[in-house]
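Let me begin by presenting the structure, written as structure tokens, before commenting on it.
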Amino acid sequence: MNTRFCPKCGSEKGPFVKGFCMECFLKDHDLVQIDEEIELERCVKCEKINLKGVWKENSVENIEEWVGKKVKIKEITDEKITVILDPEEEHTNAKVIISGELGGEPIRLEKEIKIKFKDTQCADCAKLSGDYYEAIIQMRFDGEMKEEKADEFEAMLAQILGERHKSDGLAIVVKAIPQKTGADFLIGSKRAAKNAAEKIAKKFNTKVVSSYTLIGVDKTGKEKIRHTHCVRVK
Ligand SMILES: [Zn+2]
Ligand SMILES: [Zn+2]
């Protein structure tokens, strides 16, 4: 009777892969490649993370997906990659589990890696830190300002921008400047400003009067425009 054994360690315990026992085969072959420590840029202001050049929400799902795409696999077929994050203070440890088949045998491998966060500023926050704003919402009262309505206006503006902030990092009030009969709200994002002005006007049963001013020309020769949306509260 022919007994199968591993030419390297002599083990008779299967399964065998290309003639060797699984253990010896894995020792000699680097089937799963991923750096033990990977760096991830994180915004110190809004906590968003830089995933391949796109600033996204700092969520477990986003990080796990990003780590999973960094794993390179050889020889394993029907592979399934699972990433499980184990958050700690400075670092985040992640377990990468690869399952599939190797030479017709089921296989499951695990790797522990570290994600090192690098503090930086995302593109939007860098802009906003320089008092950047694309639009102005003007809250105006005919005659005297009514405190209660002004508060309602401001709360609604904060709520609308807050809802958009996850997908549009510029959707914030950069500055609020009191005026004689209202206030000017400088808004980072022109799209968010337009949307907010329209919603607020609808709520107050009034109209938005929009205009724009040319504020300069950028490096490519494109005109830079600042939008102003005036909402008259009756
Ligand atoms: Zn062996
Ligand atoms: Zn940011």
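Quick notes on this structure:
- Of all the criteria given as (1) exposed (fewer than 14 other Cβ atoms within 10 Å of the Cβ); (2) not in a helix (DSSP H, G or I), the one not satisfied by Lys69 is (2).
- Hits in segment 12-35 (condition: among the small types (Gly, Ala, Ser) and either exposed (fewer than 13 other Cβ atoms within 10 Å of the Cβ) or within 16 Å of ligand 2 (Cβ to nearest atom) (or both)): Gly14
- In segment 115-132, the residues that are of a type in the set (Val, Ile, Thr) reach residues that are open to solvent by 40 Å² or more (accessible area, probe 1.4 Å) with C-beta atoms within less than 6 angstrom, at least six apart or across chains, in these pairs: Thr120/Glu41.
- Residues located in segment 104-145, provided they are among the aromatic types (Phe, Trp, Tyr) and more than 24 Å from the chain's Cα centre (by Cα): Phe141
- Residues within segment 36-56 that are loosely packed, with under 11 Cβ neighbours inside 10 Å and in contact with a helix residue (DSSP H, G or I) (Cβ under 7 Å, 6 or more places away or on another chain), tallied: 0
- Scanning segment 150-162 for residues that are within 18 Å of Gln179 (Cβ to Cβ) and exposed (fewer than 15 other Cβ atoms within 10 Å of the Cβ) yields a single hit, Asp151.
- Within segment 166-185, the set of residues being in contact (Cβ under 8 Å) with a residue 60 or more places away in the chain and open to solvent by 60 Å² or more (accessible area, probe 1.4 Å) comprises just one member, Lys166.
- Residue list for segment 1-47, filter: part of a loop (DSSP other than H, G, I, E, B) and either of a type in the set (S, T, N, Q) or closer than 30 Å to Asn62 by Cβ (or both): Asn2, Thr3, Ser11, Asp30, Leu31, Ile34, Asp35, Glu36, Val44, Lys45, Cys46, Glu47
- The test for being within 16 Å of ligand 1 (Cβ to nearest atom), of a type in the set (Ser, Thr, Tyr), open to solvent by 60 Å² or more (accessible area, probe 1.4 Å) and not assigned by TED's automatic domain parsing to the domain that holds Ser167 holds for Thr3.
- Filter result (surrounded by 11 or more Cβ atoms within 10 Å (Cβ to Cβ) and touching a Lys or Arg at 6+ places or on another chain (Cβ under 8 Å)) within segment 130-141: Tyr133, Glu134, Ala135, Ile136, Arg140, Phe141
The values are calculated or read from the model by the stated rules, or taken from the named source; none is laboratory data. All values reported here derive from a predicted model rather than from experimental measurement. Every residue, glycine among them, receives a Cβ derived from its backbone with ideal geometry; neighbour counts consider all protein chains shown. Quick note on the areas: whole protein, heavy atoms, side chains included, nothing else; ligands and nucleic acids left out. Shrake-Rupley method; radii C 1.70, N 1.55, O 1.52, S 1.80 Å.
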